[in-house]
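Below is one structure, written out as structure tokens; the observations come after it.
The numbers here are math on the coordinates, done by the rules we state, and not lab data. In this text the structure is predicted, and so the values were computed from the model without any measurement. Ideal geometry is used to build each Cβ from the backbone, glycine not excepted, and the neighbour counts take in all protein chains shown.
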């Protein structure tokens, strides 16, 4: 299925979908539980405007709207059965690639009387790596371009697109988005970050972090290397076991970032769990950026004796405060090398 959406209404859950092997097959299935099973799949007749990525929004007055499309978003009113579209209400160009950088993955939510149309944004990197938004005083527009909420560029060498939404939980709003892994645009990891609204209703862009909605990593926390939020070069996150991912396929001049770490007790040491490769390589531990201050350098000898992963310990330049930590790699250790976790003390 291409980017399905689920909506609850009158005691039932409705799963709206578009079949990936036939983009003219848009439909809806129903269940009494959000966990399914969803049954009784029924085609939705969209008046010949068949496309992808359906979503449904229910307004305060109970009127439901069906949203779908690629490059230009379509919208129509749903009939009370939540299955049939009122084809007389179909409108095209709700948001467009030309005016709003719209690519696909439309999603609608309302906050303080403002309608937020959230979507995969095509305005950077030549691909839809961003989650963008536009606003209106009416569900069917017109919509004014708002900007970017988050950009997942450089989260993985295979980064291609980004789908997401925004939602409120316990008084805090979040943007939900995905980061690719395994250098593959089809391998996607669900992520979220807190967001904030200005007095005028605009949303400030937020960055990808390793901790997401949590506080920065505290001293002594074993940080999974797969929580790197930025990757430069060939390095990617890859599964090394059924229940474990690591930083793999390291090459010379690659870099990986961890945002953020709270050095609240004047840290002076580091442990890092590494599988050595066929050739030796060095790791510079840096603050702020891949070209920032180096607080440690680790030399990882070649794995000439069939060694298993090893925990290296080293001193770092004494550090305090909250910092982004970057690992900068020098040398080509080979595909079998990986980094599993790191821990500051």
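Of note:
- Stokes-Einstein D (µm²/s) once Rh is taken as the Kirkwood radius of segment 217-344 over alpha-carbon pairs, at 37 °C in 0.692 mPa s: 228 µm²/s
- When the helices of the chain are scored as -39500 (n - 2.57) per DSSP H run of n ≥ 4 and the total is divided over every residue, the value at 222 nm lands at 0 deg cm²/dmol.
- Sequence ranges 206-215, 145-154, ranked by mean other-Cβ count within 10 angstrom, highest first: 145-154, 206-215
- DSSP-defined beta bridges in the chain - what % are antiparallel, rounded to 5: 95 percent
- Size-normalised alpha-carbon gyration radius of segment 5-195, reference 2.2 N^0.38 Å: 1.00
- Estimated inter-spin distance, residue 39 and residue 21, nm [label 7 Å along Cα→Cβ]: 2.3 nm
- Per-pair calculated FRET efficiency, R0 = 51 Å: residue 213 and residue 87 via Cβ, rounded to 0.05: 0.80
- For segment 100-217, the Stokes-Einstein estimate of translational diffusion at 4 °C and a viscosity of 1.567 mPa s comes to 90 µm²/s, using the Kirkwood hydrodynamic radius over alpha-carbon pairs.
- Once the Cα-Cα distance is subtracted from the 0.36 nm per residue extended length, the residue 278 to residue 204 segment shows a gain of 22.1 nm.
- At an R0 of 22 angstrom, the distance between the Cβ atoms of residue 314 and residue 264 translates into a FRET efficiency of 0.65.
- Orientation-averaged projection of the chain equals 19.3 nm² [convex hull of Cα atoms, one quarter of hull surface area].
- Label zone at residue 244 (point 7 Å along Cα-to-Cβ), backbone N below 18 Å, segment 321-341: 335-341
- Span from the segment 246-313 Cα centroid across to the segment 139-180 one, whole angstrom: 31 Å
- Scattering profile of segment 7-57 at q = 0.18, 0.29 Å⁻¹ [log10 I(q)/I(0), Debye over alpha-carbon scatterers]: -0.57, -1.14
- Square roots of 5 times each gyration tensor eigenvalue, C-alpha, segment 75-125, largest first, Å: 24, 14, 10
- Across segment 14-97, Cα-Cα pairs more than 17 Å apart make up 45 percent of the total.
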